[in-house]
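As structure tokens, the structure follows; a few thoughts come after it.
The values are calculated or read from the model by the stated rules, or taken from the named source; none is laboratory data. Since the structure is predicted, the reported quantities are computational estimates derived from the model, not experimental observations. Cβ sites come from the backbone with ideal geometry, for glycine too, and all protein chains shown count toward neighbours.
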Amino acid sequence: MPDFIAILAASALFCGTVIVLNGLTRLLLQMHGPIGDLAENGFAQYGLALALAGLVWRRVVRRNAL
């Protein structure tokens, strides 16, 4: 898989993860659940999404090297 496709897939995964985490946060806010520092479009959401996208990107690039 070329690097461009790997970066494209990681970017799409990042955007999808942010959307899903934002939806879950809104659901928790409606249920009056304790969410702590997890706010809508907050640092925790972007951090988790970035970590997941980085993990996938590294795995794809490492697999390509073999």
Checklist outcome for this item: Residue hits (region 1-20; farther than 26 Å from Phe43 by Cβ and assigned to a helix (DSSP H, G or I)) are Asp3, Phe4, Ile5
Item to check | Flag for Ala10 being at pLDDT below 80 and either surrounded by 11 or more Cβ atoms within 10 Å (Cβ to Cβ) or of a type in the set (Val, Ile, Thr) (or both) | outcome: no
Item to check | Some residue of region 32-41 being at pLDDT below 85 and in a helix (DSSP H, G or I) | outcome: no
